[in-house]
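Asker: Let me give you the structure first, and then I'll get to my questions.
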Amino acid sequence: MAKAPSLAARLAAVAAQPNTNPYQMTAPANQDSQQVAEPQFAPAPVAMAEPMAPAPVFAAPNFAMPAPQKAKARDGRVMVAGYFSPELSRSLRILAAERDVTVQHLVGEGLDFVLRHYGKHPMGER
């Protein structure tokens, strides 16, 4: 049994072969058996009816983030927030759903009660 040629030997053999047509397929030489003629593929000639137009030039994409737009309902308003327990949050959401109002409405109602308690005029923010 004959020893197979090394990869370096195969690469040197391929590099030594002249290859004028990049589409032409050739079979590697096989030392153990007779070389079988492989079909040769070449691209079909293309008839050009008219010259090709130059490729269009596109502008570079703009990756800048658009300026955030404030909702009109928030014009003239400031956020007042706090961190509370999950139980309180859940209770507020349940109460809001039962009364068919928003949590923001309930918070505004609660702040009105606090303002009244301390002798301040309630804002009626709901």
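Asker: Please work out the average accessible area per residue across the range 63-107, using the 1.4 Å probe convention, and give it in Å².
Answerer: For the range 63-107, the per-residue accessible area is 102 Å².
Asker: Just by accessible area at a 1.4 angstrom probe, what is the order of 92, 111 from largest to smallest?
Answerer: Output order, biggest surface exposure first: 111, 92.
Asker: To continue, here is another question. Between residue 101 and residues 5 or more places away or on another chain, which pairs have amide H atoms under 5 Å apart, with H built 1.01 Å from N, and which residues are they?
Answerer: Under 5 Å from the amide H of residue 101: no residue qualifies.
Asker: Please give, to one decimal in nm, the separation of the simple spin-label points placed at residue 93 and residue 118, each 7 Å out from Cα toward the Cβ.
Answerer: So the label points at residue 93 and residue 118 sit 2.9 nm apart.
The values are calculated or read from the model by the stated rules, or taken from the named source; none is laboratory data. None of the values given here were measured: they were computed from a predicted structure. Please note: Cβ atoms are built from the backbone with ideal geometry, for glycine as well, and neighbour counts cover all protein chains shown. Heads up: the accessible areas ignore ligands, DNA and RNA and are worked out on the full protein's heavy atoms, side chains in. Shrake-Rupley method; radii C 1.70, N 1.55, O 1.52, S 1.80 Å.
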